[in-house]
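Rule-based calculations on the coordinates, nothing more; no lab input. Computed from a predicted structure; not experimentally measured.
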Amino acid sequence: MSRHTHTTEDVAPGTVTLCVQDDGVWAHTPVDAHLWAHAEEEVREGLLDAARRPFEGAGRPVAVIRREDVEGAGAHGGNDGGKSGG
């Protein structure tokens, strides 16, 4: 599998990006960072389900990419995942 990197262009200020993969195709869903940080578990699960929706894959893992994850990644940008969201 090829490495998928994230840059600050993937994560706007004040957001987190929920990232899901299907056969080399990636979907990125921006979510308000404050909402994500303070959401109850069932709200987060709903957001994760929304991120998976383009691939109709309820069991697909979702990477939660935070702006600070990519800002510190260096001049070439990116990381390869972030923290799993489910």
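Remark on A12: its backbone amide H falls under 5 Å from none of the residues 5 or more positions apart or on other chains, H modelled at 1.01 Å from N. Evaluated at q = 0.19, 0.24 Å⁻¹, the base-10 log of the normalised Debye intensity for region 1-74, with identical point scatterers placed on the Cα atoms, takes the values -0.78, -1.14.
Once fully extended, how much extra length lies between E42 and R3, figured as 0.36 nm per residue of separation less the alpha-carbon to alpha-carbon distance?
Gain on stretching E42 to R3: 11.0 nm.
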